[in-house]
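Asker: Structure below; questions to follow.
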Amino acid sequence: MREPARDRISHPSAAMETELLLAPITALEIVGDHLMAGEGPNITIYPLEPDAIQSPRCFKQALHNDNIHGIKEQQKLAPEAKEATTLAVFGGKSLAVIEFSLQNSTIKLAELFPSCELHDWIWDLQWLEGSTETPPSCVALALGHNSVALYDCVGQRILQEVHCQEKCILYSAHLVGSRWDSLVLVAGTVFNQLVIWCAADPADDTGRVRPRGRISGHHGVIFSICYLESKGILASASDDRSLRLWGVGNLRVLPDHIPCFLVCYGHQSRVWSVRLLNDYVVSIGEDSACLVWSYQGEIVRSFKGHKGRGLRAVAVHESRGCVFTGGADSGIRCWHFKGPGTNGSSLLQLNFPSPQRKGSPRVVKLVGAGHVLLATDAGAVYLFDLTSKAWTLVLEDAAYRSYSLLEVSELAGGDVLCAMGNISGQVKLFLLRHPAQAKDLQLFEEKVHRLSWSSRPGQDLHTRSLFVSGSAGVLLWLEVSCHPLSAVTVVVKRCFLLPPCKHRWHTCTAFLPQGDLLLCGDRRGSLMLFACRSPLDSEQEKASGRGDFGDSVSVTVHDGPGLDFPIRGEGLPTEGPVSLIFGLHGKTGVTSVACHRDFVYSTGRDGCYRQLQVVGRQLRVLRKQKPCKGLEWLEGLRFGSDGSTRVLGFHAGCFVLWDASSNETLLSVPCGGGHRSWSYTRSLSAETFAYVRSRDVVVHHSKDMPNGQRALKESLHGRELTCVCRLGTLRTSRQDLVSVFATGSEDNMVNILAFEARFRTLTQLTAIGDHISSVRALAVVERSSAIQQEAGSTSSVLFSAGGRAQIECYCVRLSPDHGSSSGVLCRLVHLASHRLDEQWDRMKNRHKLVKMDPETRYMSIAVLASPEDAELPGPLVFLAAACSDGSVRLFLLLEHSQKLWLVAESFHHQRCVLKVQGFTCKTADRGRRHYLASAATDGGIAFWDITATVDCATEAIKAEVREMKPLALGTPVFTIQAHSCGVNSLHVQERASGHFLVASGSDDGSIHICVIDVNAESLANQGTTGGAGIRVLRKFSRLCAHAAHVTGVRLLHPDYLLSVSVDQRLTLWCLGEDSLSFVCSKFCHVADVAALECWESGQHGWRSVVCGQGLEVLWCKV
């Protein structure tokens, strides 16, 4: 039997409290100079000032168990007004009335009339003016079955309800009017129509009101309706992805024919909401886009910054020119839609083709924000002034026809140093203001493959380092000085040699902050370090000579005695890299390298950028990041002083500037693709992008809008959360306890979050985007050293697994941080990854085997206890995985080689395995045996003895075996039929008696408890699979413990169990000898609950995290 009245606490000392809720934003309303947001049942208030703190100023739970879908103000509160205003808050079938007041900069929300539940869904609400028929505290309610109710807020009762003749379910409704006798309802019906009727019209014999008009035209249900009385325009948003504007005039006096004067298609999916302004139309949709339209049907602005697939709420402050959007990702953003043109951008074609100008454009470079430098295939160099709109010939050299390279570097005082390279191995150096004094260097016999400028730390302001790639992988480092009162001086610093490959030239360079190492990327996708100094530097500088460059250049050869120019590539005193990561970015090449803070970053045409660290002159990859879907060609990174990261790249034929911090496209220019010559620069608040197209040069100039966008509340995940895992608890420098946990989602992301209990705030520390499909499971094992624990830091290994049979492994280091808002510093290092399809491609004789299913998903993972072996160099980490292809797989982390080794597998279940858990049992000789519990869709739980498999893998590690075929796990030693259908949750806990308690939850809403005894000696001696070593001491079930799937169970000390279900109930049970006793329960405001995490917090207290369509942190005490 199910417990009645679940929300009432049965145990006198038990209590459950919600500490934090992150749910989809379902309502937004502007009141005065504040924004009201509905998040679940809670109403939250944010300031509108751009420079205000982005934290909410006030918070209150308005409804009990329904989400807020609307907030209506009784009287408009002027900005900075001190008087109070009344708010009606509604959602689902619930309605509450709240008073909002602002006194001495303090916001107060007081409940005037508590939340009450009506008999039907509330679609819209309108405050009514007081009259003889209606008291001043009455509201009109548009209900879900096409009726209008007159509701008295004081008496909390319906005074009158009027039904329409059109009997149908509504998908939307909009009330117009402030008096009951003139109130008009525009209803969006299930028949794709707009039905207009008046509540005060006389009823027919059945007591129903006849509609005044019907509007047809949409090909899908109507989700939103808006009416602008000053223009007489009615707008509707529909499932058919369109907006339609209707010329209705006065709704109370409808014309015979209602024209549709505008149909707008711009959204890629369903349109959720529409707002009419004096000059614009604003719409939001399931495609996470907010579009601003003109009344001519043109898209004026397009805003995309939310994660996921839908915006749920919109509010517009027309005088400020701001639109506020709330998404299913729990985020709230402010956008500015008023400004000069679209983003203030302009496109300028420079009209280069002319009889007075020679050749066709080949290489284009931006010089600052006001000039464009161009090299042609005729060997000419031209300069274009963007202010005067005039071309000027800089120089002309026939040796640089057909093939030429051009690179520029800006010096102190505004001078611009230019370098050109040609097919004959020549390099031309000149100052842009003195092109006649250009100097030619014959460096190689064959063509120059690449030029790049770099600035070395501590270098003179008038000096730059030039790197030149020749044939046979030779990389020459030249130091070029251009002092105002002296000639151009070129010093040959070193000659490096790139690793052998087909395309053997460098693509980018950067000096490390110390200046002793050079970071270099090449065309093969490799990243390497070269030493810039050696102990012989001073001696070689004394014995330096001169090279044969020519008579007009002052040249000193350093660090390269014996170099003869032009370089022929034989017998050179070259130096190789001190550190090399070959093919890091694939065969398409490294496009940029940069140093920022303590890290090194590289980008490539593989669509990823990588974060690395230099440890002891060796490069170490920390993590790989993919900025966004579709951006497969990255060209560079720009780091802002505010901590933002901007990514330059190409998506199809467009140049894209992507903000990785706000998840937004800042600039998109259709240039034709990245294979053409292009240049980008940013100065002050302007973006300039120049590119060559159709034998001409085009310049795109874009000015930032004022303040751009602002995040009032940061996003969580773009789609449903599937798993959650606690990483640890730290004490910050402020002596606050911060709990850190990771969440996985259907959006392929893993977020690491910090929760501060005292202020009840949640901060995202970092995000991981290495998965190519959804993340379904997380597991963690702590490995903090004694030194780290004394310093208040933690270190753990985090595993994430999910679709496409992919597992990723990271080392997560957490430490107190004085400067961050969360008080926690998170450092992430990628350790290893594994995919079954990649392992299949490496297998020999795979044509003789049955290929693995590429759609295999990991449903659950669990970290096993490390084997106790003194001969091991360190603890081994084994990972068990439950797979959708019916297998149970065992992996071993090889941290030193950054690999996950598939140790063993078994297809015993023959159906999808949903859950897996590991546990150990001590033997009489103080050893221990390793066991595994797995549960599948048939409701059965299997117990495996995997000790022999773990021992075999351990011996292979000690013998330094590099490759080994996966072993067979064999068959389980014991099975039990716990449920009649799939097992969605499983937990195993060792009791003080030495027995093991196994709790499981099923699709049928039941909870099964099983107490087993494990005789490790019996299993070790028999070596059979008969199950003699495991026996069931007792078992019992709680049928219908929940009304839906049980998606999480947790055994708590001493005798409690916590369960959560899709029915949105978090329930605490007390364990008896043969039964579960109900203690207390709480309604969770997270829909589609998928996972539960729980840990101890204080004496007889637990903190739990429930995730699904949102996230909720709760505290439970007994």
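Asker: Of all residues in the range 181-201, which are of a type in the set (F, W, Y) and buried (at least 22 other Cβ atoms within 10 Å of the Cβ)?
Answerer: W197
Asker: If only one of L478, L451 is open to solvent by less than 10 Å² (accessible area, probe 1.4 Å) and within 17 Å of E575 (Cα to Cα), which one is it?
Answerer: L478
Asker: Sticking with this one: What number of residues within the range 854-881 satisfy the criterion of being more than 27 Å from the chain's Cα centre (by Cα) and in a loop (DSSP other than H, G, I, E, B)?
Answerer: Qualifying residue count for the region: 12.
Asker: Could I ask something else about it? Looking only at residues that are touching a helix residue (DSSP H, G or I) at 6+ places or on another chain (Cβ under 9 Å) and crowded, with 17+ Cβ neighbours inside 10 Å in the range 481-505, which one is nearest to R450 (Cα to Cα)?
Answerer: Applying the filter and picking the extreme gives W505.
Asker: Something else now. When you scan the range 372-379, do you find a residue that is polar (S, T, N, Q) and under 20 Å from C482 (Cβ atoms), even just one?
Answerer: For the range 372-379, residues polar (S, T, N, Q) and under 20 Å from C482 (Cβ atoms): absent.
Asker: Could you tell me which of the residues V316, V323, V300 is open to solvent by less than 10 Å² (accessible area, probe 1.4 Å), touching a residue at least 40 places away in the same chain (Cβ under 8 Å) and assigned to a strand (DSSP E or B)?
Answerer: Result of the check over V316, V323, V300: V323.
Asker: Still on this structure: May I ask you to list the residues in the range 232-247 that are assigned to a loop (DSSP other than H, G, I, E, B) and either surrounded by 15 or more Cβ atoms within 10 Å (Cβ to Cβ) or of a type in the set (F, W, Y) (or both)?
Answerer: Across the range 232-247, the qualifying residues are D239, D240, R241.
Asker: What is the one condition in (1) in contact with an Asp or Glu (Cβ under 9 Å, 6 or more places away or on another chain); (2) not in a loop (DSSP other than H, G, I, E, B) that S224 does not satisfy?
Answerer: Failed condition: (1).
Asker: With respect to S534, determine if the residue is modelled with pLDDT of 95 or more and either farther than 30 Å from H483 by Cβ or surrounded by fewer than 21 Cβ atoms within 10 Å (Cβ to Cβ) (or both).
Answerer: When the stated conditions are applied, S534 does not pass them.
Asker: Would you say D548 is at pLDDT below 95 and charged (D, E, K, R)?
Answerer: So D548 fits the description; yes.
Asker: Filter the range 91-109 down to the residues that are outside any strand (DSSP E or B) and of a type outside the set (S, T, Y), then identify the one that is least open to solvent (accessible area, probe 1.4 Å).
Answerer: G92
Asker: May I pose another question? With the requirement that a residue be under 23 Å from G718 (Cβ atoms) and either polar (S, T, N, Q) or touching a residue at least 60 places away in the same chain (Cβ under 8 Å) (or both), what does the range 281-295 give you?
Answerer: Matches in the range 281-295: S283, S288.
Asker: Pick out the one residue from D120, D124 that is at pLDDT 95 or above, acidic (D, E) and part of a loop (DSSP other than H, G, I, E, B).
Answerer: The unique qualifying residue is D120.
Asker: To continue, here is another question. Please return the ranges of strands (runs of 3 or more DSSP E) entirely within the range 911-977 where 1 or more residues are polar (S, T, N, Q).
Answerer: Per the criteria, 913-922, 928-936, 974-977.
Asker: Please find, among R214, R210, the residue that is under 16 Å from L170 (Cα atoms) and surrounded by fewer than 17 Cβ atoms within 10 Å (Cβ to Cβ).
Answerer: None of the other options fit; the residue is R214.
Asker: Mind checking which residues of the range 886-929 are among the aromatic types (F, W, Y) and surrounded by fewer than 17 Cβ atoms within 10 Å (Cβ to Cβ)?
Answerer: F907
Asker: Test of understanding: among A933, A942, which residue is buried (at least 17 other Cβ atoms within 10 Å of the Cβ), under 35 Å from the mean Cα position of the chain (by Cα) and aliphatic (A, V, I, L, M)?
Answerer: Exactly one residue qualifies, and that residue is A933.
Asker: Restricting the search to the range 425-441, which residues are of a type outside the set (A, V, I, L, M) and out of contact with any Phe, Trp or Tyr (no Cβ under 6 Å at 6 or more places or on another chain)?
Answerer: Q426, K428, F430, R433, H434, P435, Q437, K439, D440, listed by residue number.
Asker: In the range 129-152, is there at least one residue being part of a helix (DSSP H, G or I) and either closer than 28 Å to T26 by Cβ or open to solvent by 50 Å² or more (accessible area, probe 1.4 Å) (or both)?
Answerer: There is no residue in the range 129-152 that is part of a helix (DSSP H, G or I) and either closer than 28 Å to T26 by Cβ or open to solvent by 50 Å² or more (accessible area, probe 1.4 Å) (or both).
Asker: May I pose another question? Out of curiosity, is L429 of a type in the set (A, V, I, L, M), assigned by TED's automatic domain parsing to the domain that holds L476 and in contact with a His (Cβ under 9 Å, 6 or more places away or on another chain)?
Answerer: no
Asker: Which of (1) more than 37 Å from the chain's Cα centre (by Cα); (2) open to solvent by less than 10 Å² (accessible area, probe 1.4 Å); (3) closer than 18 Å to W1069 by Cα; (4) not small (G, A, S) does I1007 not meet, given it meets every other one?
Answerer: The number of the failed condition is (1).
Asker: Another question, then. Restricting attention to the range 79-90, and to residues there that are in a loop (DSSP other than H, G, I, E, B) and within 14 Å of S101 (Cβ to Cβ), which single residue is modelled with the highest pLDDT?
Answerer: Residue satisfying both the conditions and the ranking: A84.
Asker: Residues V363, V381: which one is at pLDDT 95 or above and open to solvent by 20 Å² or more (accessible area, probe 1.4 Å)?
Answerer: V363
Asker: What tally of residues in the range 665-688 results from selecting those that are assigned to a strand (DSSP E or B), open to solvent by 30 Å² or more (accessible area, probe 1.4 Å) and more than 14 Å from W633 (Cβ to Cβ)?
Answerer: The total comes to 6.
Asker: Ok, one more. Report whether or not R214 is touching a His at 6+ places or on another chain (Cβ under 8 Å) and either part of a strand (DSSP E or B) or modelled with pLDDT of 95 or more (or both).
Answerer: no
Asker: Which residues, counting only those in the range 407-428, are in a strand (DSSP E or B), farther than 22 Å from Y680 by Cα and touching a residue at least 40 places away in the same chain (Cβ under 8 Å)?
Answerer: Result: V427, single match.
Asker: Right, another one. Tell me, yes or no, whether the range 822-842 has at least one residue that is open to solvent by 30 Å² or more (accessible area, probe 1.4 Å), touching a Pro at 6+ places or on another chain (Cβ under 6 Å), at pLDDT below 90 and not polar (S, T, N, Q).
Answerer: Looking for residues that are open to solvent by 30 Å² or more (accessible area, probe 1.4 Å), touching a Pro at 6+ places or on another chain (Cβ under 6 Å), at pLDDT below 90 and not polar (S, T, N, Q), one finds at least one in the range 822-842, hence yes.
Asker: In the range 597-628, which residue that is under 27 Å from S677 (Cβ atoms) and open to solvent by 20 Å² or more (accessible area, probe 1.4 Å) is farthest from the chain's Cα centre (by Cα)?
Answerer: R605
The values are calculated or read from the model by the stated rules, or taken from the named source; none is laboratory data. Fair warning: this is a prediction, and the values are worked out from it, not measured in the lab. Using ideal geometry, Cβ is built from the backbone for each residue, glycine included, and neighbour counts are taken over all protein chains shown. The area values use the complete protein model at the heavy-atom level, side chains included, leaving out ligands, DNA and RNA. Shrake-Rupley method; radii C 1.70, N 1.55, O 1.52, S 1.80 Å.
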